[in-house]
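Scroll down for the structure; my scribbles are underneath it.
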Amino acid sequence: MVRTKKTEEVSEKETDLSKKRVRHSYLYAVGRRKTSVARVRLFKKGEGKITVNEKNVDEYFPTLELREIVRQPLVVVGKIKEFDITIKTTGGGSHGQAEACRHGISRVLQLFDKDLRKTLKPHGYLKRDPRRKERKKPGLKRARRAPQWAKR
């Protein structure tokens, strides 16, 4: 009988946790680019608001190009006004953060609807761009730039 009581207690806790999960009703994904990481939450009901680090996307990314990079997956899918998205991003520069946000939004849209993968994949939004700056080698001025050769 003791075991049944313990299992009942566990099941009550599990139902409490499931109630908490339902209350939030969002999907979560992580996007990356170079040294930037973006943690993306997609709320299923919303009016198209995108917030990055508790600021509006227009305030956080000053240039039009960076804002368009963030919104590209939503534009391609055609659901720009259906979801509210909150993003927390760290590391790297502004361009790397914008591309990490794009990667995270693409991944979370794929979680929302598996059929969207067919539209996002040809654009390359689901692939992490692994390119980084090459390290400087000893004896060179930069990664590959050798000192200028002089005959005399």
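The values are calculated or read from the model by the stated rules, or taken from the named source; none is laboratory data. No experiment lies behind these values; they were computed from the predicted model shown. All Cβ positions, glycine included, derive from the backbone under ideal geometry; neighbour counts span all protein chains shown.
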Checklist entry - Just one of the numbered conditions (1) among the charged types (D, E, K, R); (2) over 17 Å from residue 96 (Cβ atoms); (3) over 16 Å from the mean Cα position of the chain (by Cα) is not true of residue 54; which one? => result (3)
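Residue by residue, here is whether (1) of a type in the set (Ser, Thr, Tyr); (2) modelled with pLDDT of 95 or more; (3) part of a loop (DSSP other than H, G, I, E, B); (4) surrounded by fewer than 16 Cβ atoms within 10 Å (Cβ to Cβ) holds:
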{"position": "106", "(1), (2), (3), (4)": "yes, no, no, no"}
{"position": "111", "(1), (2), (3), (4)": "no, no, no, yes"}
{"position": "115", "(1), (2), (3), (4)": "no, no, no, yes"}
{"position": "118", "(1), (2), (3), (4)": "no, no, no, yes"}
{"position": "128", "(1), (2), (3), (4)": "no, no, yes, yes"}
{"position": "138", "(1), (2), (3), (4)": "no, yes, yes, yes"}
{"position": "151", "(1), (2), (3), (4)": "no, no, yes, yes"}
Checklist outcome for this item: Subset of the stretch 75-104, residues of a type in the set (S, T, N, Q) and either under 17 Å from residue 44 (Cβ atoms) or surrounded by fewer than 19 Cβ atoms within 10 Å (Cβ to Cβ) (or both), comes to 86, 90, 94
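Yes or no: the stretch 81-89 includes at least one residue that is at pLDDT 90 or above, part of a strand (DSSP E or B) and under 19 Å from residue 127 (Cα atoms).
Going through the stretch 81-89, the residues at pLDDT 90 or above turn out to be 84-89.
Still in the running and part of a strand (DSSP E or B): 84-89.
Add one more test, that the residue is under 19 Å from residue 127 (Cα atoms), and what stays is 87, 89.
Looking through the stretch 81-89, at least one residue is at pLDDT 90 or above, part of a strand (DSSP E or B) and under 19 Å from residue 127 (Cα atoms).
Yes/no matrix, rows are residues, columns are (1) more than 15 Å from residue 70 (Cα to Cα); (2) of a type in the set (A, V, I, L, M, F, W, C):
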position	(1), (2)
95	no, no
100	no, yes
112	yes, yes
124	no, no
130	yes, no
138	yes, no
143	yes, yes
148	yes, no
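Please enumerate the residues belonging to the stretch 111-132 that are of a type outside the set (Asp, Glu) and in contact (Cβ under 8 Å) with a residue 40 or more places away in the chain. Spell out how you get there, then give the answer.
Of the stretch 111-132, the ones of a type outside the set (Asp, Glu) are 111-112, 114, 116-128, 130-132.
Passing the criteria: 111, 112, 119, 120, 123, 125, 128, 131, 132.
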Checklist entry - Any idea how many residues of the stretch 28-71 are surrounded by fewer than 18 Cβ atoms within 10 Å (Cβ to Cβ) and either in contact (Cβ under 8 Å) with a residue 40 or more places away in the chain or in a strand (DSSP E or B) (or both)? => result 9
